[in-house]
Structures are given as structure tokens and as C-alpha cells.
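Engineer: One structure coming up, written as C-alpha cells, with questions to follow.
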Amino acid sequence: MTTCRVPSYLSIQFAAFLTICVEKGDVDYLFFYAMSQIAIFTAMMMFSMIYPGINRLLVNHMCLLLGTGFVILTRLDLHKAGKQLLISAVSLAVALAVPLFIRRCRFWKKLTWAYAGAGIIAIGAVLILGQVTHGSKLFFSLGGITFQPSEFVKILFLFCMAAILWEDSSFKNVALSGAVAAAHILILVASRDLGSALIFFAAYVFLVFFATGKYRYLLAGAGAGGVASYLAFLIFRHVQVRVQAWKDPWSVIDNQGYQITQSLFAMSRGSWFGLGIGQGTPKDIPYVETDFIFAAVTEELGIIFSICLIFICISCFFMILKIALYSSDPFFRLIASGFGVMYIFQIFLTIGGGTKFIPLTGVTLPLVSYGGSSVMTTLILFSIMQGIWLREQDEWEKEDRRRRKAYDGSGVGEEPYEEDYIEEDYQDYSDMENDAVDDEYMEDGDYEEEGWNEDEYEEDDFEEDYRNGPEKEIYWTDAKRKRLGTEEKIYNIRRANRNLIGTAAFFCCLFAGLIIYLCTYVTSNSEALFNNSYNSRQAVLATKNTRGTIYSADGEILAQTIRDESGKEVRNYPYDNMFAHIVGYSDKGKTGLESLANYYLINTSATVAQQAGNSASGKKNPGNNLYTTLDTGLQEVAYKAMGIYEGAIVVMEPDTGKILAMVSKPDFNPNEIAGIWDEVTADTENSSLLNRASQGVYPPGSTFKIVTSLEYIRENPNTWPNYTYQCNGSYTHGENTIRCFHGSKHGQFPLNAPLPSPAMPPSPISV
């Protein structure tokens, strides 16, 4: 009897649910965990017991994805998770019977137009009777239960295309299948279910490629898809919105770009290892349970876990293609390969759209996202793959029994198989058949004399010379036709295998680019994403961590978090106005170092154990401290030297570029910023909040006046005090005229003129 080991990920799921239970303080979450594990474990056991030869790794991966979905959905919404569990349990029960039907029933190839009719009627009903949601018709309700027919039609569509193309892939049948596919896709487009339409289109293009082996169909499909996408962009307003949100979500962050920016905020906050279950704020993302569930996974479980999840999905894709590779029946080979493409393409659309790698399409992540129709359809399709796998095993066993019956132990007949059937065994058997035919009917070299060259063989030549050439029927013997039929079968298998392997390589490249983008873009922009004013996660993190302290180079506190008389945390600046612009403030927004180092100050370096202890005791984690290069002594000297003048002073260390002091006047007291906010923002004349050292705009020529003046003094040490310059407001040289700032005319100005008196208003003279 086949046994089933309990995978290690079950314990991981238990830890996740236990964390949720502790976080929420509700034992219902553990009850849900028990029910979900019973459903998953029972399904695994039943599949293994009923079908001993089942692809167990594919079953395990399927259950892993389901379990991951349960964890995230439970953390987001227990009610929706409960509905998902119920639908999944029913779907698993249905899926248990599917392999039996695939193995035993022989009518699958004969229902071509039944598949087509049922599929078109189902999605057509949605177009007519469906509920409008955000401008699209995706669902309709029956008896209080909501269905998304396009998910179920995926099965019918695959069977229909395979039934048309499996035996005859001539241009006539390709055109016929194209008409049927176009009917499905156009109805989906009319319903504005563009995500499903795109998946159906991709599946059809690759199915035609698999059936014919001709790259021109693949290229034609790619071109047609590009044209159709452009037309959709011109016709549909919501497509234009999504493209705009993809190109520059920050420019439309208040509306069209809100979803994608919130997704990026969540993933950047999760970084490599995640915040932990229940520690993030994924509910800030609209439609997080469906379209953006990958962002929720990344925020709380980390980028590394998310990449592992992607690898699990790719592994499922490889196993589905393996089933297609091993299938000797071209009908079921097409179904398996078509589902593989449909499955991996949907995953790429979901993850790529949620990470801003491609424009958002609004499709779910199979088996992980919330959605009963999607879960049920995917589980049934996985079971169909198992049925195809078992069906092929049945054929191998039949052949093995036939060979054993013919073998008498004396070398007469065919020797039975000693090992499980693999692709190499099939090749060996094909070669044995060929050799037997050669020995009986032909001498060595006879076949080559007839003009056969395997390297030069083309399917089109075979079709023309063998099938359509009546003289060949007369010339060749039955034995030769048998050999040619065997060679054709082998050639078709090899061609199909090459095409499937090429398809696998293509999607691997797509996901490699996606993973690289995810690791580079999100992590490299994490600080900017976190500091964005639209990122509400700053406030959430502030409730868990105490903002760190800012120190000068000589160890003086420039900013710290203290508690006032009421016990409320407030930010304190011991030097009042002196460091106002360089240190900034953290109330009424953030400026200066409080803004630049916000990501660092609000995070903590406490260990996981320390954070857990602080959380249990109700304490906040200490934030990271910031140590600057500022010198309090130099800052004080510069501050006093500036007096009441309007301007700025910056003191730098020439060798290193370190900022030692920075003063800007007029200034303000950051301790009082909340109380004086209206006053300082209304005072546009003085602009006290403006840091003139880093934000002021000045004519660069005025800065160079210091250089030219010092050079003149060096060259004329005795006479420079008598130098007088006449400013008429402009200077013309040739066709070019240079004018003073604001068109001022300073008149006669001696080089040794004193600065304006402090008692007098500032002069327009620029020094």
C-alpha cells in the first residue's frame, strides 16, 4: 500500500496559525487551522490510496499552495477564509473522481462542439445577465451562490481546442479553431474581462504551436496580441488608466495609482524576511484578497518566501509539462501543455501586475487568492493532469503485459520490462520495432536507397509525398509504410518535446526577469517608498517603535523622544532654534534629518526575541539612533555670527565633505512648531521654514564675486580700498546682455563699503 508522509510545511502552517491566534486572541483561528489541515491531509491520503501511481509531488505542491492561501486569507478575513475552505473541500471531493473519468471514459475526443457550445453559452450568459463590477461583467448569482463562468470555461476551452487540433493540424483546422477561440475571446472582451481574454488568447496561440510545430503561428499570434492590446488601450478607458498607473503611479497616486503604490509600499516594508504574520497592514491595499495577495505574502513573509512561492508555481508548471511530454496520446498532450501555459501565464500576469513589472490585468493567483470559482477550476484541472498521467501509466502497463505474454523465456518474443517506463524505454521499444521490420522486409541500406534521410525529413514533405502521393501507395510495401508510420510518430513526439522544452525555457526567462526586478527595484527603493507621505505604514510602525535619538559628533543630543506630563510621546529638541533647519522637525510633516533618516530612526535593531518580549510586556521597541558629523561648538559660533541677518552659513571639512555646521536665518523653534504652524506658514515674506542653505535659489554669479574680489585685492594690496564700481543694472558684450538680479541698479559702489547696519533693513546689495 502506498503511504503518504506528512510534509514539513504542515508544521510551518501550524506556527503561522498559532501566531495569528495569539495576535488576535481568538481560538477560532486554531479551529479553522484544524479544519483546513483535515481537508488537505484527507485529500492527500485519498489521492494516494485511490490512485497509487499518482504524481505525488504535484499533489503536495497543490496542497502547499492551498495551505499558503489559507494562512494569508485567515490573517486578512476569517469569514472569507471560511468560505474558501468550504469551497476547497467540495472541490477536492469532486477532484478525487476526475482522474477516474479521464482514465476510463473514451468519448473525450468526440465532444468538440459540445465543449464549444457550452463554453460560449456560459460566458455569453455573463455578458447578458452578469453583475457589473467596476465596469466589468465577471459574475452572476444562482441561488445566492456567485459564479465566475470564465474560470470553468477554461476547461471546456482546452478540451475543445485539443479536440479540433489533435488529429489534423492542417490550415483548415487551425482556422476553424481560431474562429471558435475568437468567439470566446470576443465575448470576454465585450464583458470587459480582459484578464481572462488574455489568458485564453495565450493558451490558444501556444496550443496551435504545439499542434503544428510551426513557429509562424507563434509569431503571428504574438503580433496579433500586440495589435489587440493596442486597440484595447484605445477603446477601453480602464486599460488606459492601468497603463498610466503602470508607467508613473506616483503622478496618479490619489486615484488610478493608489492600488499599485500601496502594493509597492507593502512589499518594500516586508523586505527580505517579512514583518511576520499579523505585523503588517496588507488591508491598506484594495482587493488584497484577490489581485494583490502576492503583496500581502511579501509584506508579512518576506521577499525570500515570495520567491520560494514563485518557484513552487514554476515547479508545478514543469510537472504539468512533464505529463505532456510523457503522454503518447496527442489529444491529452495538447490538454496538458495548454493548461501548463494557461496556469503559468496567469501567475505571471498576477505577480507581474502587482509588482509594477507589467500593467495590472486583475487576475487571481491560482489556489492562493480568494475566489471559489478559481480554486475549484484549478483543482479540477490539476486532477485532470493526474488523470492523464495515470492514463499513460495504464498504457504502459498494458504494453508490459502484452510483452510478458509474448515472452516464453527462451528468447522468443519480446522481453518484459524490468523497470518502470521512462522516455528512454519508449525510444528503445520504437527502435526494436524498426529493427524487426528491417530484418523481415529490408536489407541494410535499402531504406536509404529509397531516398529517406531523417535529417532532411520535414512534416510537409511527408504529407505531400506519402499521404497525397498515390504512386507511393503503389510502390511501397505495407511493411515500409509501417516503418514510415513509426518514424512519423517518433518525429512528432520529438518535435512536440522540443517545443514544450522551448516553451518552458521562455517562461523561465520571463520569471527570471520578474524575480530580478522584484529583488532590485523593491529593495533599492525601500527607503523612498517607506518615506512616501502616502505610506500609512509609518504611523503603524511608530506605534510599535520609539523614534530614535539624533546625536552630534561630540555626543550632544539634538533630538530625542520623551514623554510629557500626560504620558504622551513627544519629540524634544534641546537646542531650540540653533539646529532648527539641519535637524528639522517630525511634527506637521518631516524636514531636515528627521525626514532624510526617517526610515532608519523609526526602525529598530532589536532582536526578534527582544521584540517578542517587548510586545508581550506592552513596551515599544527602541528605534535606531542617528549620529551626525555636526559640531555643537561650531554650530553655536555660526548661529551667533549670523545674528538677525537673512541668509545661511555652511561649514564643511574640505578633505571629507563632512557638514560640521549649518545655519539658516530666519529660523524657528521646532519644539513649538505645532503651536506656531499657522503663523510660520502664513509669513511668506520671511519664509522661516525655508532652509536657505539647501533649498535657497541664488544667482551663481554672486557667489563668484567673492573669488574675483579676493583676486583683485591680492593683485592690488595697496590701492584696492580706492576701487569703485559703477553698477548700471546691466552689462552688454557684443549681442549678449547680463542684468543684475531683479533688474536692480546699485549705482556707484566702493569695494570697501561697509555692510548694512543691523539697525537698518537689509540692502539689495549682494555680497
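The values are calculated or read from the model by the stated rules, or taken from the named source; none is laboratory data. Being a predicted model, the structure only gives us computed values, none of them experimental. In this analysis, Cβ positions are derived from the backbone assuming ideal geometry, glycine residues included, and neighbour counts consider all displayed protein chains.
Engineer: Can you go through P99, P52 and tell me which one is farther than 30 Å from A15 by Cα, assigned by TED's automatic domain parsing to the domain that holds G340 and modelled with pLDDT of 90 or more?
Structural biologist: Going through P99, P52 in turn, the sole match is P99.
Engineer: Which one of I260, I277, I185 is touching a helix residue (DSSP H, G or I) at 6+ places or on another chain (Cβ under 8 Å), of a type in the set (A, V, I, L, M, F, W, C) and without any contact (Cβ under 8 Å) to a residue 40 or more places away in the chain?
Structural biologist: I185
Engineer: From the list G270, G274, exactly one residue is surrounded by fewer than 24 Cβ atoms within 10 Å (Cβ to Cβ) and closer than 23 Å to L18 by Cβ. Which is it? Show your work before the answer.
Structural biologist: Working: G270 fails: surrounded by fewer than 24 Cβ atoms within 10 Å (Cβ to Cβ).
The match here is G274.
Engineer: Identify all residues within region 354-377 that are buried (at least 22 other Cβ atoms within 10 Å of the Cβ), modelled with pLDDT of 90 or more, hydrophobic (A, V, I, L, M, F, W, C) and not in a helix (DSSP H, G or I); write none if there are none.
Structural biologist: Selection gives L365, L367, V368.
Engineer: Then there is this: Name the residue, out of E569, E527, that is closer than 28 Å to L630 by Cα, touching a strand residue (DSSP E or B) at 6+ places or on another chain (Cβ under 6 Å), at pLDDT below 90 and not assigned by TED's automatic domain parsing to the domain that holds F294.
Structural biologist: Criteria check complete, one pass: E569.
Engineer: Return a yes/no flag: does region 710-723 have any residue that is aromatic (F, W, Y), in a loop (DSSP other than H, G, I, E, B) and under 27 Å from V637 (Cα atoms). Don't jump to the end; show me each part of the working.
Structural biologist: To start, the set of residues in region 710-723 that are aromatic (F, W, Y) comprises 712, 720, 723.
Cutting the leftovers down to in a loop (DSSP other than H, G, I, E, B) gives us 723.
Then drop every residue that is not under 27 Å from V637 (Cα atoms), which leaves none.
Checked against the condition, which is being aromatic (F, W, Y), in a loop (DSSP other than H, G, I, E, B) and under 27 Å from V637 (Cα atoms), region 710-723 yields no hits at all.
Engineer: I would also like to ask the following. Looking at I312, I335, I347, which is the one that is in the same structural domain as L264 (by TED's automatic domain parsing) and within 14 Å of the chain's Cα centre (by Cα)? Explain how you work it out, then say what you get.
Structural biologist: On the way: I312 fails: within 14 Å of the chain's Cα centre (by Cα); I335 fails: within 14 Å of the chain's Cα centre (by Cα).
Of the residues listed, the single one that is in the same structural domain as L264 (by TED's automatic domain parsing) and within 14 Å of the chain's Cα centre (by Cα) is I347.
Engineer: All but one of (1) crowded, with 22+ Cβ neighbours inside 10 Å; (2) within 22 Å of G353 (Cα to Cα); (3) over 23 Å from the mean Cα position of the chain (by Cα) hold for A224; state the number of the condition that does not hold.
Structural biologist: Of everything listed in (1) crowded, with 22+ Cβ neighbours inside 10 Å; (2) within 22 Å of G353 (Cα to Cα); (3) over 23 Å from the mean Cα position of the chain (by Cα), A224 misses just condition (1).
Engineer: Can you name the number of the only condition in (1) in contact (Cβ under 8 Å) with a residue 24 or more places away in the chain; (2) surrounded by 13 or more Cβ atoms within 10 Å (Cβ to Cβ) that T724 fails?
Structural biologist: T724 satisfies every listed condition except (2).
Engineer: Right, another one. Give S766, S688 a once-over and let me know the one that is in a loop (DSSP other than H, G, I, E, B), within 55 Å of the chain's Cα centre (by Cα) and either modelled with pLDDT under 75 or in the same structural domain as V650 (by TED's automatic domain parsing) (or both).
Structural biologist: Residue meeting the stated conditions: S766.
Engineer: Does A211 satisfy the criteria of being surrounded by fewer than 23 Cβ atoms within 10 Å (Cβ to Cβ) and assigned to a helix (DSSP H, G or I)?
Structural biologist: In short, no.
Engineer: For Y217, work out the one condition from (1) of a type outside the set (A, V, I, L, M); (2) in contact with a Phe, Trp or Tyr (Cβ under 7 Å, 6 or more places away or on another chain); (3) within 26 Å of Y370 (Cα to Cα) it doesn't fulfil.
Structural biologist: (3) is the only condition that Y217 fails.
Engineer: Counting just the residues of region 248-272 that are of a type in the set (G, A, S) and assigned to a helix (DSSP H, G or I), which one comes out nearest to the chain's Cα centre (by Cα)?
Structural biologist: At the first step, the residues of region 248-272 found to be of a type in the set (G, A, S) are 251, 257, 263, 266, 268, 270-271.
Those still in the list that are assigned to a helix (DSSP H, G or I) too: 251, 263, 266, 268, 270.
Working: S251: 21, S263: 10, A266: 12, S268: 12, G270: 14 Å.
For region 248-272, the residue satisfying everything is S263.
Engineer: While we're looking at this one, here's another question. Of the numbered conditions (1) at pLDDT below 85; (2) under 30 Å from S586 (Cα atoms), K705 fails exactly one; give the number of that condition.
Structural biologist: (2)
Engineer: With respect to the numbered conditions (1) in contact (Cβ under 8 Å) with a residue 60 or more places away in the chain; (2) touching a Ser or Thr at 6+ places or on another chain (Cβ under 7 Å), which one is the sole condition not fulfilled by S730?
Structural biologist: Just one mismatch for S730, condition (1).
Engineer: Just for helices (runs of 4 or more DSSP H) wholly inside region 569-683: which have at least 2 residues that are of a type outside the set (F, W, Y) and touching a helix residue (DSSP H, G or I) at 6+ places or on another chain (Cβ under 6 Å)? Can you show your working first?
Structural biologist: On the way: elements: 580-583, 592-596, 598-602, 608-617, 632-642, 673-682.
Ranges flagged: 580-583, 592-596, 598-602.
Engineer: Conditions first: (1) in contact (Cβ under 8 Å) with a residue 40 or more places away in the chain; (2) touching a helix residue (DSSP H, G or I) at 6+ places or on another chain (Cβ under 8 Å). F41 passes all but one, so which condition is the exception?
Structural biologist: (1)
Engineer: Among the residues that make up region 505-521, is at least one of them outside any helix (DSSP H, G or I) and either surrounded by fewer than 17 Cβ atoms within 10 Å (Cβ to Cβ) or out of contact with any His (no Cβ under 6 Å at 6 or more places or on another chain) (or both)?
Structural biologist: no
Engineer: Counting only residues that are within 36 Å of the chain's Cα centre (by Cα) and within 14 Å of G548 (Cβ to Cβ), how many does region 573-594 have?
Structural biologist: Within region 573-594, residues that are within 36 Å of the chain's Cα centre (by Cα) and within 14 Å of G548 (Cβ to Cβ) number 4.
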